[in-house]
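This report concerns only the one structure given below.
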Amino acid sequence: MCIRDSFGITPSEPQVLDLLKWLRQAGNDEFFVSSRLSSHYPEAEDYASKASGVVVVGVSKLRSTYVLWFRQEQVQTVRWAGDPAKTAQTSLGAVHPRHSFSQWTEIVRGSSVPWLDEQIEAAHEFRGAILEIVLGRAEELAEMAAGLQLANTELEAFSYSISHDLRAPFRHISGFSRLLREAEGERMGEQGRHYLEVIESSARFAGQLVDGLLDFSRLARTVPVMVPVDLARLADSEWQAVLAGEAQGDAHRRVEFSRTPLPTVVGDPQLLRQVLRNLFSNAVKYTARQPAPFIRVEATERDGEYIVSIRDNGVGFDQQYAGKLFGVFQRLHRIEEFEGTGIGLANVRRIVGRHGGRAWAEGEVGKGATFFFSLPIAPNGEQGTDERFEAHFDRRG
Amino acid sequence: MSALKPILIVEDNPNDLALTLNALEKSRLANEVVIARDGAEAADYLFRRGEHADRPPGNPAVVLLDLKLPKIDGLELLQMVRTNEETGRTPIVLLTSSREERDVITGYKLGVNAYVVKPVEFAEFVQAIQDLGVFWAVLNEPPPGSARVSRHG
């Protein structure tokens, strides 16, 4: 909480906040009025001259929003009819004017000009009006959110069903052009066979795009199960998997892999596996032409986040286009040079985003690239319990 | 003469059917191939009713079952076959475009023997069908001394 705006003479910010805290604890923070604040709340004596009278109106419990009006102290000096300097009589029961005089002055301290009934009523109405506006706004927003949620769900369902239904026709295109090539290839000649190959490979690529889209949209529907994940072990096992997959065609390729110790983070193991797999697979792909390719994984801690980096000495990219890297189906290299659908990094960004982190990259043409992602050390998201972890594994098979 | 059980293909899409048959042909399986174009036809065959009431008794060597079928869909048929004593142990392989998790779990829960997502790449498709056929069906030349030759369905 902090003061957003103040006009005129008011107590200091810490003093105001303490006052509000006291009011909240006393359960009086919806509406409070007094022209003798320090008589209820002794701490106010410190600033009685600035604020002896106060009206406090609470307009939002949820967001601790208040409006406060202060009135300065009005010291009233009451003059006795009698002469205060008169010698006091000491006999019992007699009035001691001088004694009474000093007591009377004390009572009149710490008071402001009293609030009028109309003013108090105006403050009530003010509060009512603000609450109506706030409530109206909140309802509007809730409706908008619900609308957006619905639209989003529909869009996801739509893109899923389209992608799903596209697989069959692409399969048929691929299949039948292959059959055509088998049946008539000899008769067709070089040109004809080449055309058929293009048809086949295009259908295959279309299938990959569709699969990529399906994966991407599935991510939106998945609720991440947040459990502790040992990144070091995950990185090592994913590296082995990627190496086995990517280096299939080229048994002589050796990519040097090194890493610093990696932290145990809180996240969804399957999703984080996908992140590492995508980043490693990219690194291997784009270092294909290097004589001595290496990949290095490092992790640091900064501002409540773990920052993980994956650096390679591959073909790199132009930093001015770095923003495009993580877009869906975005590529910075020609398809003849490096195959791929351009959805891997979009997935990475999406997954990392679901974990409350960010993904970004730095690179230089010909000098390699470094991909970064951050994960909050203590995420706000759902915390996984052991039984959810088990259920998750059963579900994922 | 060896008692080779037939392979039952349940597929409603004519193009997928053509490709599947082509792939089976390439795998040189000697089994007879029976085709059903929807779940109801498949049920009639498996339970020996309707137009298949007079077929020789015995379950097929394997059923290649598409998920999305008219009339009775793949998972329904799966349940029907599994809950019937006579047909209960028939090997069933789900061939489908749908990788949707729910379908996978239901498939395995209902006791499907394998679940194969039809790949777009035709060569992969052929390989997948071949692997299935070879695994579940009977080769033309069963190994010598194999009891399978004289077993009745």
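The values are calculated or read from the model by the stated rules, or taken from the named source; none is laboratory data. Because the structure is predicted, anything quoted here is derived from the model rather than measured. We place every Cβ from the backbone using ideal geometry, glycine too, and count neighbours over all the protein chains shown. With ligands, DNA and RNA removed, areas are computed over all heavy atoms of the protein, side chains included. Shrake-Rupley method; radii C 1.70, N 1.55, O 1.52, S 1.80 Å.
A few remarks follow.
- A single member of A:G353, A:G357, A:G363, A:G323 is open to solvent by 60 Å² or more (accessible area, probe 1.4 Å) and either assigned to a helix (DSSP H, G or I) or modelled with pLDDT of 90 or more (or both), and it is A:G323.
- Residue satisfying condition, being at positive phi, surrounded by fewer than 18 Cβ atoms within 10 Å (Cβ to Cβ) and at pLDDT below 90, within set A:G189, A:G245, A:G185, A:G249: A:G189
- Count - residues of the range B:4-46 that are in contact with a Ser or Thr (Cβ under 7 Å, 6 or more places away or on another chain) and more than 20 Å from B:E124 (Cα to Cα): 1
- Filter result for the condition that a residue is of a type in the set (F, W, Y), surrounded by fewer than 15 Cβ atoms within 10 Å (Cβ to Cβ), touching a strand residue (DSSP E or B) at 6+ places or on another chain (Cβ under 7 Å) and at pLDDT 85 or above, over A:F7, A:F70, A:F31: A:F31
- Checking every residue in the range A:275-282 against the condition of being part of a loop (DSSP other than H, G, I, E, B), surrounded by 17 or more Cβ atoms within 10 Å (Cβ to Cβ), touching a helix residue (DSSP H, G or I) at 6+ places or on another chain (Cβ under 8 Å) and at pLDDT below 90 gives zero matches.
- Any hit, the range B:27-47, residues being touching a residue at least 60 places away in the same chain (Cβ under 8 Å) and touching a Phe, Trp or Tyr at 6+ places or on another chain (Cβ under 9 Å): no
- The range A:153-179, subset out of contact with any helix residue (DSSP H, G or I) (no Cβ under 6 Å at 6 or more places or on another chain) and in contact (Cβ under 8 Å) with a residue 12 or more places away in the chain, residue surrounded by the most Cβ atoms within 10 Å (Cβ to Cβ): A:R171
- Selection within the range B:1-28 - away from every other protein chain (no Cβ under 14 Å) and open to solvent by less than 30 Å² (accessible area, probe 1.4 Å): B:P6, B:I7, B:L8, B:I9, B:V10, B:S27
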